[in-house]
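Working notes, structure below.
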Amino acid sequence: MVLAQMVVDSVVLEGRSIRATALAYGVSKSWVYELVRRYRSGGAAALEPRSKRPHANPRQMSHDVEDEIVALRKELLDGGDDAGAQTILWHLEKRRENVPSASAIYFALKRRGFITPEPRKRPKASYIRFEADLPNECWQGDMTHWQLDDGTEVEIINFIDDHSRVVVGCEVHAVVRAHDVRDLFKRACVIWGTPASVLTDNGAIFNAAHRGGRSGFESDLLSAGVLYKHSSPYHPQTCGKVERWHQTLKRYLVKNPASSLEELQQVLDRVVLRYNEQRPHRSKGRVTPRQAYEARGKATAHTLINQPHHRLRKDVVDPWGKITLRYRGRVLHVRIGHHHRGKRVRLYIVDEHIRVLDDDGTFLGEITINPERNYQTMAKPKES
């Protein structure tokens, strides 16, 4: 601004030529011409720096599209659905040919005040996701609480397929009993087939481990050839898919209140049908859970029972000649030997049997795990 005023004053007040002014101030003649023209048409205010932003953007989202995005978001929120930019994009693609990107939809919602920016979260790449390879390879089960219109507490039992996210069972009771779980699971198996495994938490309606026995549900699974797995205590993330379904379910239930168990069960049936058949699932590439379920062959009962558990583990022997190994939820300490300190080793694990090799493929020894002991000792190879 100061330089522009000096250039204009040189020409207008002092009467110097355009050429002399340009040489004196080290600027181009064209810029001097432009400044003088702007000054004579608009005064000193016209010398203020101007934005270089283009006057028009052919790719700018139209008001009609932006209004449609806002209306669609309100419609999804009213129905209890996810209403993020990715979901809105999926629905827009069903309605029109030329659609904006997900990021453009996000910024449109932000401009309209529907989104409040949150603190930066952990990158998605840092999360470790676990998912069954096939439908019916694993079902997750859990119970959640809800209230009727009059404040009466009720309980909802759910089973969901780990691979496809299909909800295979959803039923409400005043209080969920162990026999309710058994009955719902049997009916789900009739409709969807018997799964290869079931994962639940440690609730008494599922297992009797804390009582030192076996529940009726566990006995049913054993008879059907279904592998039973349960999460670690106080670690709901293990059953994360059914826990996530509970969040989605309750968003729907808020929009569809019920005054009795019968009315709530009707709502649950409608919600499950919508979730399985109509609602695109973000984690499944925007296809419905039913489509994901039907897309692949199904795992069956007896496929996981008695199959050996095997894995390859790489580790470094610590300064005390040991490594640690998690086995059936316990951390075990395995003595490899002081002369192997700092050595990189490979553990070839098949159930309780472990073969230990170094990085060069030299066999160092083997271990048969005794689950009753915290410290295990590697047996050295026999000398030939």
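No value in this document is a laboratory result; all are computed from the given coordinates. Since the model is a prediction, treat every value here as computed from it, not as a measurement. Here the Cβ is made from the backbone with ideal geometry for all residues, glycine too, and neighbour counts use every protein chain on show.
Roughly how many Å is it from the Cα centre of segment 151-223 to that of segment 356-379, as a whole number?
Measuring centre to centre over Cα atoms gives 39 Å.
Kindly put 316, 226, 176 in sequence by how many other C-beta atoms sit within 10 Å of each C-beta, fewest to most.
Exposure proxy ranking, most exposed first: 316, 176, 226.
Treat each spin label as a single point 7 Å out from the Cα along the C-beta direction, and report the residue 251 to residue 131 distance in nm.
With each label point 7 Å from Cα toward Cβ, the separation is 1.8 nm.
Give me the tail of P(r) for segment 167-225 as a percent: Cα-Cα pairs with distance above 15 Å.
The proportion of pairs with Cα distances above 15 Å equals 50 percent.
Remind me, relative contact order of the chain in percent, using alpha carbon pairs under 8 angstrom and six or more residues apart?
The value is 11 percent.
Just to be sure I understand: of the beta bridges DSSP finds with both ends in the chain, what percent are antiparallel, rounded to 5?
That works out to approximately 80 percent antiparallel.
If I stretch the segment between residue 174 and residue 187 completely, what's the gain in nm (0.36 nm per residue apart, minus their alpha carbon distance), one decimal?
Answer, rounded to one decimal: 2.7 nm.
Can you put 142, 359 in order of Cβ neighbours within 10 angstrom, beginning with the fewest?
Least to most surrounded, the residues fall as 359, 142.
Which of 216, 299, 108 sits farthest toward the positive end of the charge dipole of the chain, with +1 on the Cβ of Lys and Arg and -1 on the Cβ of Asp and Glu?
It is 108.
Residue 62 to residue 20: FRET efficiency via 1/(1 + (r/R0)^6), r the Cβ-Cβ distance, R0 51 Å, to the nearest 0.05?
0.50
For the pair residue 48/residue 348, report the inter-label distance in nm, with labels modelled 7 Å from Cα in the Cβ direction.
7.8 nm
Which entry is the computed Kirkwood radius over Cα pairs in Å for this structure: (1) 21.9; (2) 21.4; (3) 27.3?
Matching the structure shown: (3).
Which FRET efficiency, nearest 0.05, do residue 97 and residue 273 yield, Cβ-Cβ r, R0 41 Å?
About 0.85, to the nearest 0.05.
Kindly express, to the nearest 10 degrees and within the range 0 to 90, the angle between helix 240-255's C-alpha long axis and the longest C-alpha principal axis of the chain.
Tilt of helix 240-255: around 60 degrees.
If we count other beta carbons within 10 Å of each Cβ, what is the order of 373, 73, fewest first?
373, 73
222 nm [θ] for the chain, helices only, -39500 (n - 2.57) per DSSP H run of 4+, per residue, to 500?
It lands at -11000 deg cm²/dmol.
Just to confirm my numbers, what's the Cα centroid distance between segment 246-293 and segment 68-91 in Å?
Taking the Cα centre of segment 68-91 as reference, the centre of segment 246-293 is 16 Å away.
If you split all Cα-Cα distances of segment 1-113 into 5 Å bins from zero, what percentages do you get per bin, shortest first?
2, 10, 17, 13, 7, 4, 4, 6, 8, 9, 9, 6, 4, 1, 0
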